[in-house]
Amino acid sequence: MMKNSMYFKFAKLILLIMLMVNCGLVSAQKKEFSGNPIFPGWYADPEAKIFDKTYWVYPTYSARYNEQVFMDAYSSTDLVHWTKHSHVVDSSMVKWVKRALWAPAVTKKDGKYYLFFGANDIHDDQKEIGGIGVAVSDKPEGPFKDYLGKPLIGKIYNKAQPIDQFVYQDDDGQYYMIYGGWGECNIVKLNNDFTGFIPFSDGETFKRITPEGYVEGSVMFKRKGKYYLMWSEGGWTGPDYRVAYAIGDSPIGPFKRISTILAQDMAIATGAGHHSVIQIPGTDDWYIIYHRRPLGETDGNHRVTCIDHMYFDADGHIKAVKITNEGVAARTIK
């Protein structure tokens with residue numbers, strides 16, 4: 001009897017260990033998701049980048065214009081767990097910024113990190129100081145210090161308000177900046193040290209490339225030899241804010257509107273727009289990072305940053321994005 005009792009105790013112990021192992025495996029196999037929004041707080045106009053196998057998101061602090069005098073950033077190695085980096089740039093670092101610090105665009109060049117931004121919401125460039133500025137840092141988390149001591153673009157060209165800049169590097173190494181509000185979009189060629197611009201071959205410096213429906217929030221990327229220009233349409237405080245796109249054969253187009261690919265879903269959220277995109281290195285896997293307004297929110301500044309998958313069809317057209325509450329699964333960069 002003693003031997004049988006010991007046997008049963010041993011068998012139960014083995015069974016318990018096996019159950020614990022199995023539960024551990026199930027737990028390990030269970031996917032983690034980012035959820036939407038991906039981090040707390042009112043944030044809009046997110047710029048998403050990948051630096052050294054780490055995801056970075058640089059958004060606008062979504063508040064009243066006079067309160068928008070700083071920017072935070074967030075970093076993650078898996079798209080799920082995010083670390084906040086407070087005040088990566090603010091008006092103490094860029095003295096001419098007084099309000100409306102908007103829509104950062106960040107790029108790395110020669111070991112430095114450059115953060116382009118719109119500021120002061122200028123409407124009359126003869127009476128107001130503001131427009132698109134640039135700050136620089138040795139690290140992606142900043143602090144970013146004023147690079148020029150003045151706006152890089154402080155004038156209104158082709159009726160485009162100098163805001164919502166996006167920096168794109170082409171395959172030949174040339175950096176372009178696409179920008180503009182008030183329904184007009186310009187493209188410029190940045191010079192080598194980001195202190196000014198290089199004219200295009202036709203002598204133009206500020207080239208108008210405005211597609212039909214354009215309002216603001218331009219983004220450019222290249223896929224399979226084609227240039228994709230994306231932008232936001234509608235009013236940023238309203239539920240119909242949305243993202244559309246066009247495809248061209250060069251950075252200057254021409255760009256003809258194809259379709260809307262990001263919009264509200266009354267079961268999920270409204271005002272889905274002003275985005276950026278990231279491609280996982282070495283793959284054709286793409287994500288769209290954007291802001292939207294939670295259901296029931298009526299304050300125009302109550303916007304949150306979210307992420308979802310972005311897919312292409314066989315012809316290279318962008319499929320309509322399904323906005324979700326769960327976001328995307330954890331994804332590390334190899």
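The values are calculated or read from the model by the stated rules, or taken from the named source; none is laboratory data. Please read these numbers as outputs of a predicted model, since none were measured by experiment. Counting neighbours? That spans all protein chains shown, and the Cβs are built from the backbone with ideal geometry, glycine included. Quick note on the areas: whole protein, heavy atoms, side chains included, nothing else; ligands and nucleic acids left out. Shrake-Rupley method; radii C 1.70, N 1.55, O 1.52, S 1.80 Å.
A few notes on this one:
- Scanning segment 55-69 for residues that are assigned to a strand (DSSP E or B) and closer than 16 Å to Asp121 by Cβ turns up Thr60, Tyr61.
- Selection within segment 132-146 - open to solvent by 70 Å² or more (accessible area, probe 1.4 Å) and under 13 Å from Val97 (Cα atoms): Lys145
- Number of the exception - Asp170 against (1) in contact with a strand residue (DSSP E or B) (Cβ under 9 Å, 6 or more places away or on another chain); (2) closer than 17 Å to Lys112 by Cβ; (3) exposed (fewer than 15 other Cβ atoms within 10 Å of the Cβ): (2)
- Filter result (at negative phi and surrounded by fewer than 16 Cβ atoms within 10 Å (Cβ to Cβ)) within segment 281-293: Pro281, Thr283, Asp284, Asp285
- Any chance Ala103 is among the small types (Gly, Ala, Ser), in contact with a Ser or Thr (Cβ under 7 Å, 6 or more places away or on another chain), modelled with pLDDT of 95 or more and surrounded by 20 or more Cβ atoms within 10 Å (Cβ to Cβ): yes
Residues checked against (1) in a strand (DSSP E or B); (2) surrounded by 14 or more Cβ atoms within 10 Å (Cβ to Cβ); (3) of a type outside the set (Ser, Thr, Tyr):
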{"site": "Thr260", "(1), (2), (3)": "yes, yes, no"}
{"site": "Ser276", "(1), (2), (3)": "yes, yes, no"}
{"site": "His302", "(1), (2), (3)": "no, yes, yes"}
{"site": "His309", "(1), (2), (3)": "yes, yes, yes"}
